[in-house]
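A single structure is presented below for examination.
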Amino acid sequence: MAVADDIETIKRQEARLVFDVFDEQAAFAIGSAIRTRALKESLPIVVDIRTFDRPLFYAAMPGSNGANPDWARRKINVVKRFLKSTYRMVLEQERPDRTFRVGEGLDSADYVLAGGGFPIEVKGAGVIGVIAVSGLPERDDHGIVVDALCDHLGHDRNELTLPAQKSN
C-alpha cells in the first residue's frame, strides 16, 4: 500500500506545486535555494532547471560527478515526454532495470526511470519545463525539489512531503 500512497502524494504535489508565472527570476531563486541547501548539507548533486526550449539554471556541487548531468538530462527528457514527475514514473512503472518497456520506444541513452525530475507547471499554460536534481538516492533527489518548490510557492512542506521510507 505504501507505493500507492506515495503515488497519490506525488500527484498532490504535482497538482499543488503550480506557478502563476515562471520566469528566469523564479528559476534562479529556486536553483539558488537548492544550491544553498546542498552546500550547507554537503549534498553531491547537480541541479538543472529549464523550460523546454532553454536552460535557466545549472549548478554542480562538490562531490557530484560526470554521470550526474547525464542522469539529469535523461530525467528531463522523461518529464518532457510524460509531463509528470520522474519519481512518480518510477513507482508507476515498477521497472528495476530503470528502462521503459520495449513497446514505449524510448532509448535508455536518452530516458531513464529515476526520481529527481519534477515538472514546472504554469496555470493556464501547462507543463513548460523541468527541475532536475541528480546525485542522491532518487527519493531524496525528488524530495529536494519538492522542498524547494514548497518554500518558493508558500506551501507547508509537511503537507506535501513523502514520508520517510522504512528500512527493512
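What FRET efficiency comes out for the pair Asp107/Asp156, r = Cβ-Cβ distance, R0 = 41 Å, nearest 0.05?
Efficiency at R0 = 41 Å is approximately 0.55.
Please sort by residue number the GluC sites (Glu not before Pro) in the range 117-168 whose DSSP state is loop and whose Cβ has at most 13 other Cβ atoms within 10 Å.
none
Separate question: Once the dipole of the range 1-81 is set up with Lys and Arg at +1 and Asp and Glu at -1 on Cβ about the Cα centre, which of Ala2, Gln13, Ser32 lies farthest towards its positive end?
The residue sitting most towards the positive pole is Ser32.
For the range 36-130, what class follows from the C-alpha gyration tensor (a ≥ b ≥ c being the square roots of its eigenvalues): rounded when a/c is under 1.5, otherwise prolate if a/b is larger than b/c, else oblate?
oblate
With runs of 4+ DSSP H residues as the only contributors, calculate the mean residue ellipticity of the chain at 222 nm using -39,500 (n - 2.57) per run, divided by the residue total and rounded to the nearest 500.
-14500 deg cm²/dmol
If packing is taken as the average number of other Cβ atoms within 10 Å across a peptide's residues, how do 122-132, 4-14, 75-85 rank, most packed first?
Per-residue Cβ counts within 10 Å, averaged per peptide and sorted highest first, yield 75-85, 122-132, 4-14.
Compare the peptides 51-61, 24-34, 143-153 by average per-residue count of other Cβ atoms within 10 angstrom and give them in order, highest first.
143-153, 24-34, 51-61
Rounded, prolate or oblate for the chain? Axes are the square roots of the Cα gyration tensor eigenvalues, ordered a ≥ b ≥ c, and the cut-off for rounded is a/c under 1.5.
rounded
Let me ask something else about it. Work out, step by step, the length gained on full extension between Leu39 and Tyr58: first 0.36 nm times the residue separation, then minus their alpha carbon distance; give nm to one decimal.
Taking 0.36 nm per residue and subtracting the Cα distance, the gain is 5.4 nm.
So, one more: Taking 0.36 nm per residue of sequence separation and subtracting the Cα-Cα distance, how much length would be gained by fully extending the chain between Lys80 and Gln25, in nm to one decimal?
17.7 nm
Follow-up question, since we're still on this one. Along Cα→Cβ, 7 Å out, is where each label goes; now give me the distance between the ones at Ile7 and Ala125 in nm to one decimal.
For Ile7 paired with Ala125, the spin-label model returns 3.1 nm.
No lab work stands behind these numbers, since they all come straight from the coordinates. It should be emphasised that the depicted structure is a prediction, and the values quoted were computed from it without experimental measurement. Positions of Cβ are backbone-derived with ideal geometry, glycine not excepted, and every protein chain shown enters the neighbour counts.
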